[in-house]
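Here is the structure we will look at.
What follows draws every value from the coordinates through simple rules; no lab data is involved. Remember, predicted model here, so these are calculated numbers, not experimental data. Every residue, glycine among them, receives a Cβ derived from its backbone with ideal geometry; neighbour counts consider all protein chains shown.
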Amino acid sequence: MIDLANLPATLESVWLPASASAVNIASTSRLDLNLNGSVLHKVWRGGIETDALDNTPSPAILANSQDKGLFAINDGGTVYVYHSFSGFAGSLQTRLDSGEKVRRIVARGDYDTANRKLTARLVSVILP
């Protein structure tokens, strides 16, 4: 038996069709995921699925303590890159407020299985 708990994790969720309520931006340091309508929602460590996410509790993606990393929004084929989670979250909120929808989100970082929280160093969001 191999303990995967300390390995970096990848969280992915896909909504088909894209959803206006997929992500709730609780603050510039936290995204809460609403998995209703998500056709894929999983967490992997070391290439092995370690958690099939559900909405209890809602999974969250958190900023790391330095608020630094690589965060991207693909909006209709144009990619916007941010080096702070707070800048990324603010931009995503603006897009969602203007009616955009989320199709896919992938995040990489340290995952707390018990609390369903991923502290991210990398996040990519795809809007239709």
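Would you work out which of Ala18, Tyr82, Pro57 lies farthest towards the positive end of the dipole of the chain? Charges go on Cβ: Lys and Arg +1, Asp and Glu -1.
Checked the options; the winner is Tyr82.
What is the set of long-range amide H partners of Arg104 at a cut-off below 5 Å, with H atoms built 1.01 Å from backbone N?
Trp15, Ile126
Give the calculated FRET efficiency between Thr56 and His83 to the nearest 0.05, with a Förster radius of 22 Å applied to their Cβ-Cβ distance.
0.10
Return the calculated 222 nm mean residue ellipticity for the chain, to the nearest 500 deg cm²/dmol, obtained by summing -39500 (n - 2.57) across DSSP H runs with n ≥ 4 and dividing by the residue count.
-3000 deg cm²/dmol
Quick check on the chain: of the DSSP beta bridges with both residues there, what percent are antiparallel, nearest 5%?
80 percent
Taking Cα atoms, how many degrees apart are the long axis of helix 85-97 and the longest axis of the chain, rounded to 10 and kept between 0 and 90?
Rounded to the nearest ten degrees, it is 50.
If the cut-off is a Cα-Cα distance under 20 Å, which aspartates and glutamates reach Lys117, setting aside same-chain residues fewer than 8 apart in sequence?
Asp3, Glu12, Asp32, Glu49, Asp51, Asp54, Asp67
Tell me the relative contact order for the chain as a rounded percent, counting alpha carbon contacts under 8 Å between residues six or more apart.
Over the chain, the number comes to 31 percent.
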